[in-house]
């Protein structure tokens, strides 16, 4: 597809369960971002990949959250021992890598809505 | 890290009026300032952006202004239409490539 694809679009789980959210970025985009968006809030940064490596994971709230991008394309966000406070829309975005020190447009997926009961 | 403040949180206008949304940022190293529009249940999409080497940019009915000295930037929408109704987010980023977003402004355009 032409855009960023995220699966599942909706996930309902019970407190304490493990969850995986998948992101398939636009082909050729080396930069990949995960954000979390709660109702009425702006996207909150979680982690940024440049290629296969996590260039910045300072936004991950605690060690229950982890993300991988083993081949530099698809990324998976993993949440262990889910809590009710993890309920949010998890947005993935990708972008081209521009010149050093310059930002560029993020292309977002539709998001994965996580509900922890 | 960067901190972006956005206001107002809600803006209600009549069709045809202008709308202005304002943002401030804290990191003087930030040099890229995009604006995203998010319709209900949809993904955020870029509508306009500005870099620190210019003070104003215009694209049809939308424009963005940047004051680097004061560390604030604004989105201006003229001749608003009902389809402009959405949540608008400002963001700022610098050498880290990681945009920090404001909390959003819900724009409601009444026909």
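Values quoted throughout were computed directly from the atomic coordinates according to the rules given, and no laboratory measurement underlies them. Predicted model, so just to flag it, every value in this text is computed and none were measured. Here Cβ is always computed from backbone atoms with ideal geometry, including for glycine, and neighbour counts include all displayed protein chains.
Brief remarks follow.
- Taking all Cα pairs closer than 8 Å and separated by 6 or more residues, the relative contact order of chain B comes to 37 percent.
- A compact globular protein would have a Cα radius of gyration near 2.2 N^0.38 Å; the ratio found for segment B:42-111 is 1.18.
- Rh (Kirkwood; distinct C-alpha pairs) - segment B:1-87, Å: 13.7 Å
- Of the residues B:61, A:113, the one with the fewest other Cβ atoms within 10 Å heads the list, and the complete ranking is B:61, A:113.
- Counting neighbouring beta carbons within 10 Å and listing from fewest to most, the residues A:81, A:22 come out as A:81, A:22.
- Mean Cα-pair separation over length for chain A, i.e. relative contact order, pairs under 8 Å, 6 or more apart, %: 36 percent
- DSSP assigns beta bridges within chain B; of those with both partners inside it, close to 90 percent run antiparallel.
- Projected label distance in nm at residue A:58 and residue A:17, using a 7 Å step from Cα toward the beta-carbon: 3.5 nm
- Label-zone membership for segment B:87-102, site residue A:50, 7 angstrom Cα→C-beta point, backbone N under 20 Å: B:92-101
- Based on the convex hull around the alpha carbon atoms, chain A presents an average projected area of 7.1 nm².
- The mean count of C-beta atoms from other chains within 10 Å of the C-beta of residues in A:103-112, rounded to a whole number, is 6.
- Among A:12, B:20, B:64, the order by Cβ neighbours within 10 angstrom, fewest to most, reads A:12, B:20, B:64.
- Max-minus-min Cα coordinates of the protein assembly as shown on each principal axis give 49, 40, 33 Å, with the largest extent listed first.
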